[in-house]
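Comments concern the structure below.
The values are calculated or read from the model by the stated rules, or taken from the named source; none is laboratory data. Treat the numbers as computed from the prediction; the structure is a model and nothing was measured. Virtual Cβ from ideal backbone geometry, glycine too; neighbours counted across all protein chains shown.
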Amino acid sequence: MTVMIRRAVPHFLLLLGAVWMLMPFVWMLCTAFKDPSEIFEASLWPWPRTWYGWTHFLEVLKTAPIARYMVNGAVVCTGILIVQLLVAIPAAYALAKHQFWGRDTLLLGILAALTIPIQVTALPLYLGLSALGWLNSYLAQMLPFFLSMFAIFLLRQHFKTFPDEIIQAARLDGMTEWEIVWRVVTPSATPAIAAFSIFSLVAHWNDLYWPMIVISSTELAPPPLGMLLFATAESGANYGALMAGATLITAPMVLAFLLARRRFIQGITMTGFR
């Protein structure tokens, strides 16, 4: 009996935590299907008494260019991720497998950079982009995030586990360092790359702070900024439509995680601290 209780308590706590984390999403989805008169009722039960159908979703699709916001978000997130990986993979390989002067100091600098929030560098970045005339563009949304210290650190931890014997054999076969990086080492890092890709896509898809600073046109707005503009200009106090829009822009990230969840878990569990 005691053993059963010991096993049940952790599962109960995990289940309770899962319910606590999922509750906002359940509330969002249920509100999107509620009648407007029911949304403001003082009730802790999220499930609608009567289904309002797809009216809120149709209203959002008619009054806000949701598809355009999603395309903007996809362009920005994909562009950021591609450049981050192109920079982080060779940098992480060099830190993991090459001996050079200042390597440990450079790694400490990378770890220190992880503690600096974007708000600290927002003003000089804005002034620089303004001086170059790059504001209100896709590049303005992507440029500050091209260099990801987290990607370098995560992939470096994974590359540390790659056998040195295979790299030496590849060198004896005449392969260059670039060929070793991209043809030998990188394929083994698929779980770590998948894990970082999920982190990167979710973070930049949901980012509101930086686009709100550099974007003034609704045609270039990513999903969060687009919904903010929609909330202030079109929907007013129509929380049913707002929750429907939030559901639409949340769905792609949930789907992406579900499709890549196995690789994501592998990347997190296989990347240790060495």
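Condition check: loosely packed, with under 13 Cβ neighbours inside 10 Å and either within 19 Å of the chain's Cα centre (by Cα) or at pLDDT 95 or above (or both). Does GLN119 satisfy that?
yes
Just name the residue that is farthest from HIS98 (Cα to Cα) out of those in the range 159-203 that are outside any helix (DSSP H, G or I) and of a type in the set (A, V, I, L, M, F, W, C).
Ranking the qualifying residues of the range 159-203, first place goes to MET175.
Test LEU135 against the stated conditions and say whether it is farther than 28 Å from VAL254 by Cβ and exposed (fewer than 14 other Cβ atoms within 10 Å of the Cβ).
No: the conditions fail for LEU135.
When you check PHE146 against the structure, is it within 16 Å of ILE80 (Cβ to Cβ), touching a residue at least 40 places away in the same chain (Cβ under 8 Å) and hydrophobic (A, V, I, L, M, F, W, C), yes or no?
Yes: the conditions hold for PHE146.
Go through the range 1-48 and count every residue that is small (Gly, Ala, Ser), modelled with pLDDT under 80 and closer than 23 Å to ALA251 by Cα.
Number satisfying all stated conditions: 0.
Condition first: modelled with pLDDT of 85 or more, of a type in the set (Asp, Glu) and surrounded by 14 or more Cβ atoms within 10 Å (Cβ to Cβ). Can you find one or more residues in the range 199-222 that meet it?
For the range 199-222, residues modelled with pLDDT of 85 or more, of a type in the set (Asp, Glu) and surrounded by 14 or more Cβ atoms within 10 Å (Cβ to Cβ): present.
Of all residues in the range 161-171, which are closer than 18 Å to LEU95 by Cβ and either buried (at least 16 other Cβ atoms within 10 Å of the Cβ) or among the polar types (S, T, N, Q) (or both)?
Scanning the range 161-171 gives THR161, PHE162, ILE167.
Which pairs have Cβ atoms under 8 Å, sit 6 or more apart or on different chains, and link a residue in the range 112-126 that is under 10 Å from PRO144 (Cα atoms) to one that is hydroxyl-bearing (Ser, Thr, Tyr) and in a helix (DSSP H, G or I)?
ILE118/TYR209; ALA122/TYR209
Within the range 172-188, which residues are surrounded by 16 or more Cβ atoms within 10 Å (Cβ to Cβ) and aromatic (Phe, Trp, Tyr)?
If the condition is that a residue be surrounded by 16 or more Cβ atoms within 10 Å (Cβ to Cβ) and aromatic (Phe, Trp, Tyr), then no residue fits.
Can you work out which of the residues in the range 1-39 that are in contact (Cβ under 8 Å) with a residue 12 or more places away in the chain and among the aromatic types (Phe, Trp, Tyr) is surrounded by the most Cβ atoms within 10 Å (Cβ to Cβ)?
PHE33
Just to be sure before I move on: is ALA74 exposed (fewer than 12 other Cβ atoms within 10 Å of the Cβ) and out of contact with any Lys or Arg (no Cβ under 8 Å at 6 or more places or on another chain) in the structure I sent?
For ALA74, the condition - exposed (fewer than 12 other Cβ atoms within 10 Å of the Cβ) and out of contact with any Lys or Arg (no Cβ under 8 Å at 6 or more places or on another chain) - is not met.
Cβ-Cβ under 7 Å, sequence separation 6+ or interchain: first residue in the range 240-260 and over 21 Å from THR31 (Cβ atoms), partner of a type in the set (A, V, I, L, M). Which pairs?
ALA256/ILE198; ALA256/LEU201; PHE257/ILE198; ALA260/ALA194; ALA260/ILE198
Give the residues of the range 82-116 that are outside any helix (DSSP H, G or I) and under 23 Å from the mean Cα position of the chain (by Cα), sorted by residue number.
Once the filter is applied, which keeps residues that are outside any helix (DSSP H, G or I) and under 23 Å from the mean Cα position of the chain (by Cα), the range 82-116 yields LEU114, THR115, ILE116.
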